[in-house]
Amino acid sequence: MERIPILKLGDFLLVTIQVDMHDQLVMTLQDDLTERIVKTQALGVLMDISSLEIVDSFIGRMIGNIAAMARVLDAETVVVGMQPAVAITLVELGLSLPGVRTALNVDSGMKLLRTMLDQKEMANASSAR
Amino acid sequence: MPVQRDEVMPIRSSEDVVRVRQMVRQWAVTLGFSLVDQTKIVTAASELARNTLGYGGGGEVQLEIVQKGIRSGLRLTFIDQGPGILDIELALKDGYTTGGGLGLGLSGAKRLSNEFEIFSRPGEGTRVSITRWK
Ligand SMILES: Nc1ncnc2c1ncn2[C@@H]1O[C@H](COP(=O)(O)OP(=O)(O)OP(=O)(O)O)[C@@H](O)[C@H]1O
Ligand SMILES: [Mg+2]
């Protein structure tokens with residue numbers, strides 16, 4: 001079966017979406033990613049969508065679901081590389097991705113994830129006191 | 001409105017939905033649409049094709065290049081013989097869904113197009129037509 005590869009980068013998982021995904025593939029990715037977060041105890045997920053030519057309501061919902069699920073499993077999600085034309089269209093479609101952080105590229109996404117994790121650690125440390 | 005070119009594609013599987021997106025992209029590029037306009041019509045097509053498949057039980061889409069004066073445009077008509085829509089006004093509301101979606105497909109496709117028409121009657125299927133002008 002066709003699958004989107006998920007790479008482990010230290011504490012993070014990197015998903016690079018490179019094809020025009022049909023809906024079943026989107027569902028498979030959602031399941032695979034949940035499993036991998038649990039198995040690897042990843043602290044963060046980077047989703048690189050720079051190759052995606054559109055984000056419609058279905059893929060938008062998937063991205064939101066992944067972020068929500070990851071949060072339940074104590075991992076943060078950052079979506080990187082959304083093309084400007086895709087972002088413009090998303091707004092007109094009426095889709096907002098509440099709770100989904102975005103960054104321009106994988107590098108800045110990685111930095112953002114690190115910052116988010118540091119903040120989380122600090123908050124945990126101060127509430128433990 | 002004179003029609004320059006037209007083609008019909010089946011929508012019977014989620015792979016067909018991908019093929020419809022790709023064909024709409026090709027046609028929009030041929031027409032010289034800007035990248036943003038291409039993205040808008042492809043996104044609208046994706047929404048409507050998925051509705052045709054999921055709610056209409058499958059159907060087809062007709063792609064047409066239409067001309068109005070010196071303007072050319074891309075018109076897409078999605079047709080199914082499914083259960084139809086009881087309350088079209090309600091179905092067009094942002095957030096209304098009977099299938100656990102976001103309820104943004106129909107209303108979003110309307111916003112992403114220059115012209116939008118919908119005909120549907122319970123038991124007689126649904127036809128949604130959108131046009132985007134260059
Ligand atoms: N071709 C169709 N045949 C029958 N009912 C339809 C059809 N298209 C849409 N509907 C009805 O209209 C409702 C709204 O459609 P819309 O595409 O806006 O939202 P959705 O498909 O439920 O969610 P989303 O598209 O955001 O994933 C659907 O839930 C369905 O009840
Ligand atoms: Mg829909």
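Quick notes on this one:
- Interface residues of region A:39-70, defined as those losing at least 10 Å² of solvent-accessible heavy-atom surface relative to the isolated chain (probe radius 1.4 Å), are listed as A:Glu53, A:Ile54, A:Asp56, A:Ser57, A:Phe58, A:Arg61.
- Linear extension gain, A:Asn105 paired with A:Glu35, 0.36 nm per residue minus alpha-carbon span: 22.7 nm
- For A:Lys8, a cut-off of 27 angstrom between C-alpha atoms picks up these lysines, skipping any fewer than 8 places away in its own chain: A:Lys39, A:Lys111, A:Lys120.
- Net charge in the neighbourhood of A:Thr28 (other residues with Cβ under 9 Å of its Cβ; Lys, Arg +1, Asp, Glu -1) is -2.
- Shape class for region A:40-80: oblate, because the ratio a/c of the largest to smallest gyration tensor axis (alpha-carbon atoms, square roots of eigenvalues) is 1.5 or more and b/c is at least a/b.
- Angle between chain B longest axis and helix B:14-30 axis [Cα atoms, degrees, rounded to 10]: 30
- GNM result for chain A, Cα springs below 10 Å: residue of A:Leu52, A:Leu104, A:Leu93 fluctuating most strongly: A:Leu93
- Extending 7 Å from Cα along the Cβ direction at A:Arg3 and again at B:Trp133 yields two label points whose distance is 5.0 nm.
- Modelled FRET efficiency - R0 41 Å, A:Val72 with B:Arg19, Cβ distances, 0.05 increments: 0.70
- For B:37-44, mean number of other protein chain Cβ atoms within 10 Å: 6
- The protein assembly as shown, accessible surface, carbon-and-sulfur percent (1.4 angstrom probe): 52
- Association of chains B and A removes close to 2000 square angstrom of accessible area from solvent, both sides included, for a probe radius of 1.4 Å.
- Cα→Cβ-extended label distance, 7 Å offset, between A:Gln119 and A:Leu97, nm: 1.7
- Shape of the protein assembly as shown from the C-alpha gyration tensor: prolate (a/c of 1.5 or more and a/b above b/c, with a ≥ b ≥ c the square roots of its eigenvalues).
- Straight-distance crosslink candidates among lysines, where the alpha carbon sits under 19 Å from B:Lys68 and sequence neighbours closer than 8 are dropped: B:Lys134
- Max mean-square fluctuation residue, GNM over chain A, Cα-Cα springs under 10 Å, options A:Gly64, A:Gly109, A:Gly94: A:Gly94
- For region A:6-128, share of DSSP beta bridges that run antiparallel, in % to the nearest 5: 25
- Choice from B:Asp80, B:Asp94, B:Asp16 showing the highest fluctuation, given a GNM over chain B with Cα pairs closer than 10 Å: B:Asp94
- Per residue, the solvent-accessible area of the protein assembly as shown (1.4 Å probe, heavy atoms of protein chains only, all protein chains present) comes to 49 Å².
- Kirkwood-Stokes translational diffusion coefficient of region A:6-128, alpha-carbon pairs, 4 °C, 1.567 mPa s, µm²/s: 88
- Computed over chain B, the ratio Rg/Rh where both radii use C-alpha atoms and Rh is Kirkwood: 0.95
The values are calculated or read from the model by the stated rules, or taken from the named source; none is laboratory data. Being a predicted model, the structure only gives us computed values, none of them experimental. Positions of Cβ are backbone-derived with ideal geometry, glycine not excepted, and every protein chain shown enters the neighbour counts. Each accessible area value is taken on the protein alone, full model and side chains, heavy atoms only, with ligands, DNA and RNA left out. Shrake-Rupley method; radii C 1.70, N 1.55, O 1.52, S 1.80 Å.
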